[in-house]
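Only one structure is covered here, and it is reproduced in the block below.
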Amino acid sequence: MTPPLTVLLIGAGTRTRKLYAPWLSGLLPYQGRPVRPLAVVDTDLDAARTVAAALPGAVAALPRDLDGLLSGHRPDLVVVATPDDAHRDYVLQALAAGCTTLVEKPLANTRQDAFALARAADVSPARLLVGHNLRFTNVHAHVRALLADGRIGTVTDADFHYTLNSSHARSYFTRWHRARAVSGGLEVTKASHHLDLLTWWLGSQPVAVTGLLERRHYRPGHDNVPADADIHDTLRALIQYSSGTTVHYTLTSNAAAEGYICTLYGTDGVLSIRYDARSGPHTLRLNTRSGDDRRLVGREDGTHAGADLRMLHALPPALTSATGPFATAAEAALSVAAGTAMYDSSRCGRRLPIPQPAISGGTR
Ligand SMILES: NC(=O)c1ccc[n+]([C@@H]2O[C@H](COP(=O)([O-])OP(=O)(O)OC[C@H]3O[C@@H](n4cnc5c(N)ncnc54)[C@H](O)[C@@H]3O)[C@@H](O)[C@H]2O)c1
């Protein structure tokens, strides 16, 4: 019989309460390798206790206990789901203990930390997986397959426009994300999802960006937005990829509905995706010389349109080998680098190169 996968959680907040804790307590329709929770670590011991209480056998602990837990239990998997600025130290600690680690997106809140993690993952015998869960959504896997099959030839240009609905957007301006020093701004904590999808779909790296970041709606000191909020709510960027593809990226944050429209223009056709983040189905439209094909892709049940459950099922085999669509640390570092370069470009008013993580195997 396969032994259960032992899991240690770091961070007992929303992401853990909505996904990792229900997974470990058997509340999700998860049918993969059995799992066994070991511990929940959080700076807020009450939060850790609340989560641990629902996980049979799990203890609640503070960060100072982490070294002892890692060496004593040698978990098969450490999940890091803290605010973004705390990812780096926990990932380094877990890798140093030889534990395979799943870190939530974004890999880190700064390019320096993201590159440090990519380098650490490159030399560690333990695997580092990054929770870019949108890779696991059925419609996104479908797009990747269509592009990899060359259905629209070589992608030359793309438009990607994400709209945050206003209540979701407002939450970024009231929670920890509002501080650039913690989240890296929406260009990192939110756009990393979309930048990662583009890197994965295009199979190439973002190499230069011209950004224009503005704050148009959620003004610090107004409307319950704390005065220390220093992030932007409207992002525009022109991103160039190593393949020669140019992407117009926009994120706006006062919409009624949440999701995106993306159009990819290729040498042999056009592929459009309409992704509804809150209700389905998603729409794909493929226009090639052989005709126009419009398909509805059913929305799957569960958080993030079924992506989270698929990601959990993909975890056990990915612990030891590079299987499944998990983002590597180097790919995830590149999304952080593209987001921070967007910000730097907006500040200096110039197109900027996007630094690439220096690792032995390249970004793929
Ligand atoms: N993949 C996705 O779709 C998705 C969705 C939501 C959040 N996230 C990511 O998950 C992570 C957690 O986000 P969240 O919404 O759960 O945040 P949250 O604020 O709800 O929870 C964070 C938890 O971490 C704890 N914490 C804060 N600093 C800590 C530290 N230094 N050490 C240990 N614990 C600490 C807090 O006490 C809190 O319990 C973030 O990286 C976020 O970007 C990803």
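The values are calculated or read from the model by the stated rules, or taken from the named source; none is laboratory data. Since this is a predicted model, take the numbers as computed values, not measurements. Quick reminder, even Gly has a Cβ in these numbers, built from the backbone with ideal geometry, and neighbours come from all protein chains shown.
Taking each residue of the range 22-44 that is within 15 Å of the ligand (Cβ to nearest atom) and looking for partners that are at pLDDT 95 or above and among the hydroxyl-bearing types (Ser, Thr, Tyr) with beta-carbon atoms closer than 6 Å, six or more apart or interchain, yields TRP23/TYR30. Within the range 99-114, residues that are without any contact (Cβ under 8 Å) to a residue 24 or more places away in the chain have Cβ atoms under 8 Å from residues that are among the charged types (D, E, K, R) and crowded, with 24+ Cβ neighbours inside 10 Å in no pair, counting only partners at least 6 apart in sequence or on another chain. Exposed (fewer than 14 other Cβ atoms within 10 Å of the Cβ), closer than 23 Å to TRP176 by Cα and assigned by TED's automatic domain parsing to the domain that holds GLU104: is that true of ARG64 in this structure? Yes; evaluated as a whole, the condition is true for this residue.
One line per residue, one yes/no per condition, for (1) on the phi > 0 side of the Ramachandran plot; (2) crowded, with 19+ Cβ neighbours inside 10 Å; (3) hydrophobic (A, V, I, L, M, F, W, C); (4) away from the ligand (no atom under 16 Å from the Cβ):
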site: ILE231; (1), (2), (3), (4): no, yes, yes, no
site: HIS248; (1), (2), (3), (4): no, no, no, yes
site: LEU251; (1), (2), (3), (4): no, yes, yes, no
site: ASN254; (1), (2), (3), (4): no, no, no, yes
site: CYS262; (1), (2), (3), (4): no, yes, yes, yes
site: SER272; (1), (2), (3), (4): no, no, no, yes
site: ARG294; (1), (2), (3), (4): no, no, no, yes
site: THR320; (1), (2), (3), (4): no, no, no, yes
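Anything in the range 77-116 that is part of a helix (DSSP H, G or I), of a type in the set (D, E, K, R) and within 12 Å of the ligand (Cβ to nearest atom)? List them, or say none.
ASP84, ASP85, ARG88, ASP89
Across the range 109-130, the qualifying residues are those that are buried (at least 23 other Cβ atoms within 10 Å of the Cβ) and in contact with a Leu (Cβ under 6 Å, 6 or more places away or on another chain), and the one among them that is nearest to SER183 (Cα to Cα) is ALA114. The residue pairs whose first member lies in the range 235-261 and is at pLDDT below 95, whose second member is small (Gly, Ala, Ser) and surrounded by 21 or more Cβ atoms within 10 Å (Cβ to Cβ), and whose beta carbons are closer than 7 Å, counting only pairs six or more residues apart or on different chains, are ASN254/ALA169. Go through the range 49-87 and give me each residue that's touching an Asp or Glu at 6+ places or on another chain (Cβ under 9 Å) and closer than 13 Å to TYR20 by Cα. Selection gives VAL51, VAL79, VAL80, ALA81, THR82.
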